[in-house]
Amino acid sequence: MARFSMRDDIPLKPEEYRLLRDLFSSRIGLHLGPESRFAMERRLRERLAILKLTTFAEYYQYLRFNPAAPAEWEEAIELLTTNETYFFREDYQLRSFKNEVLPLLIANAKGRRRLSVWSAGCATGEEVYTIAILLLETSALAGWEVRVYGSDISRRCIAAARRGVYGQGAFRAMPEEYRRRHFVEKSEGFYVTERVRALCHFGQMNLLDDDKARLLGRADAVFCRNVMIYFDSYSRKRIIDIFVERLYPGGVLLLGHSESLLNVSTAFELLHLKEDLVYKKPLGPALRDSGKPQS
């Protein structure tokens, strides 16, 4: 206890904050404004104590040059990123996806009878399982190969997503009939059923890593909701370029309600739905003229 209290007063000086801010921005694209300085100080101060460092400048050097830096990056990412989520979050957007977007995707993919969705920045997996449930509840996909991929920069979040066990609070927006059909209640919490799990795949990934993104293959839809707000403008453009590359022609990108591609990309068409706006990757001219499904 004495060791921690000795370091409770270590300040994060402005020049140290700039160094760390720029380092996190260049490495993982995390956007931290001037208002984030004291939050960073509060969240990372304990790491200095654990590593027996006396200044944030030393911590900066540790992250850059210490052989143990890869493990420390994971600790810092866990402390600086927000992972709060729940099932059926922003239900109006999910209704739009199920009722208006999904029929378009099915028509576009009917030649291959395979549908893939990528949840980018999936946190502890609630969004991935939500999407899988919606796809399972869609009779038009019976007999199709359906996959939902979830990625997040946090290894701990991915481990929790793979475990697939949730407390009551995660269900505050989920219709009760879905919970009864797709979860099994046990003493530890609510377990995702094997039928839903079979559609879902999880992996740790930095969204700026285009090599890892290619390993996911092509996607019919990308969910990246309430994630882009944490990235700087340069990183947003890089990530959107990756999404454009990974989406099939005619595929869609769904962002959070406060996010847009204004001044970020012109690669998408804006698709106006009854309750939402989503971004659609244009079909190639030949496909658009013929109506031929994308294979």
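The values are calculated or read from the model by the stated rules, or taken from the named source; none is laboratory data. Because the structure is predicted, anything quoted here is derived from the model rather than measured. All Cβ positions, even for glycine, are placed from backbone atoms using ideal geometry, and neighbour counts span all protein chains on display. What goes into the accessible areas is simple: the full protein's heavy atoms, side chains included, and nothing from ligands, DNA or RNA. Shrake-Rupley method; radii C 1.70, N 1.55, O 1.52, S 1.80 Å.
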- Query: Using the alpha-carbon centroid of each, what span in Å lies between region 129-149 and region 97-117?
  - Reply: 10 Å
- Taking the chain and counting helices only, DSSP H stretches of n ≥ 4 at -39,500 (n - 2.57) each over all residues, the nearest-500 ellipticity at 222 nm comes to -12500 deg cm²/dmol
- Could you tell me which of Ser260, Met174, Asn226 has its Cα farthest along the dipole of region 169-265 towards the positive end, charges placed at Cβ (Lys, Arg +1; Asp, Glu -1), taken about the Cα centre? Met174
- Quick tally, 1.4 Å probe accessible area for Asp209, Asp220, sorted with the most first, runs Asp209, Asp220
- Query: Stretch Arg95-Phe65 to full length: gain in nm at 0.36 nm per residue minus the Cα-Cα span?
  - Reply: 6.0 nm
- Mind checking the full-extension length gain between His201 and Glu137? Use 0.36 nm per residue of separation minus the Cα-Cα distance, one decimal, nm. 21.2 nm
- Note on the structure: The rounded separation in angstrom of the Cα centers of region 31-46 and region 197-245 is 25 Å
- Item | Loop GluC sites (Glu not before Pro), region 112-210, which have at most 11 other Cβ atoms in a 10 Å radius of their Cβ (DSSP) | Glu188
- May I ask you to compute the full-extension gain from Glu58 to Arg112, defined as 0.36 nm times their residue separation minus their alpha-carbon distance, rounded to one decimal in nm? 14.0 nm
- With all protein chains present, how much of the accessible area of the chain (probe radius 1.4 Å) comes from carbon and sulfur, to the nearest whole percent? 51 percent
- Message: I need the calculated FRET efficiency for the pair Glu145 and Glu269, taking r as the beta carbon distance and R₀ as 35 Å, to the nearest 0.05.
- Response: 0.85
- Message: What are the ³J(HN,Hα) couplings of region 165-170, residue after residue, when phi is run through the Karplus curve with 6.51, -1.76, 1.60 and θ = phi - 60°? Round to Hz, x for glycine and proline.
- Response: 10, 9, x, 4, x, 6
- One would report the antiparallel percent of DSSP beta bridges in the chain, rounded to the nearest 5, as 40 percent
- Query: Accessible area per residue, 1.4 Å probe, Å², for region 1-127: what's the number?
  - Reply: 49 Å²
